[in-house]
1. Just how large is the dipole of the chain about the Cα centre, in debye to the nearest 20, putting +1 at every Lys and Arg Cβ and -1 at every Asp and Glu Cβ?
2. Which of the three applies to region 175-244, rounded, prolate or oblate, going by the alpha-carbon gyration tensor with a ≥ b ≥ c and a/c under 1.5 meaning rounded?
3. Given 0.36 nm per residue, what is the gain on full extension from S240 to F83 after removing their alpha carbon distance, in nm?
4. Could you compute how much accessible surface T109 exposes when probed at 1.4 Å, giving the result in Å² to the nearest 10?
5. How big is the shadow of the Cα convex hull of region 1-113, averaged over all directions, in nm²?
6. Find how much the distance from R42 to E222 grows on full extension, using 0.36 nm per residue of separation minus their present alpha carbon separation; answer in nm with one decimal.
7. Rg(Cα) of the chain divided by 2.2 N^0.38 Å?
8. For region 112-246, just say rounded, prolate or oblate: build the C-alpha gyration tensor, square-root its eigenvalues into a ≥ b ≥ c, call rounded for a/c under 1.5, and beyond that prolate if a/b exceeds b/c, oblate if not.
Amino acid sequence: MNTALKDAMERAGVRPHQLARKVGVEHKTVTRWLTNPDRAPREGTRDDVGRVLGVDPVTLWPKSVQSRVKTGHDREIVAAYPFRSAAPTSLWAALIDGASRSLVFAGYTNYFLWQQHPRLGARLAAKAKHGARVRFLVGDPESEVTTKREEVEGVPLTVSTRIKITLDALSKMEPCEGMDARFSDQHIALSVFQFDDQMLVTPHIASLLGDESPMLHLRRLEDDGLYDRFASHVAALWESGRPVEL
């Protein structure tokens, strides 16, 4: 089952026969896309499906899109965005909802997640109850690193306030095994979000906020590639992190 396509269609309220009509294919063709994740339409049709559903077609058929052009190390780069805010919210939703084994939110504040994704806490708790490991690596609102960053940004909604919003949201989630959070001060300039074998990475530029910094969408395709390098970075920070009492 192509769960990413199924979920995208459900979110958009589009049934198989409606999608077929909108992109100019037969109903049974859409059924084949849904039942076989390795079956993908040609490039033009993929783009049409993405427009109809309001998602990046890369999230629906990542293997097909990647295999058509790239053979080097950069084939792990699914997409690049000049600003994190340029990536559609539907991309984040598809990655969050599609992950079943491991989700890691290693943003310094993770504030934007709670603003853009309704019932995120309940969705993550449900995943943890079904065996997924959900981790949050956040900055310490009382640390010197946080204070210095607030001086650099100079915005009313301070870094420590944004962190506390995340901590408050996490505290309201139903406690369950598989859900964990830790403090770290060492990812102030690099946010990494992992969803099974896919990842979103944002290197923060100078005084810019996360939404204003560029972002890469990665998919793991090789050992010690881009995905693994960033994953190792987050794993090391997690090991040295300080527990957050949820």
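1. 1240
2. oblate
3. That works out to 53.6 nm of additional length.
4. Here the accessible area works out near 20 Å².
5. That works out to 8.0 nm².
6. Working: separation 180, 0.36 × 180 = 64.80 nm, distance 2.52 nm.
Separation in residues times 0.36 nm, less the Cα-Cα distance, equals 62.3 nm.
7. Relative to the 2.2 N^0.38 Å estimate, the chain comes out at 1.06.
8. oblate
The values are calculated or read from the model by the stated rules, or taken from the named source; none is laboratory data. Just so we're clear, the structure is a prediction, and the values are computed from it rather than from any experiment. Every residue, glycine as well, gets a Cβ built from its backbone with ideal geometry; the counts of neighbours run over all protein chains shown. Remember, those area values only see protein heavy atoms, side chains included, never the ligands or the DNA or RNA. Shrake-Rupley method; radii C 1.70, N 1.55, O 1.52, S 1.80 Å.
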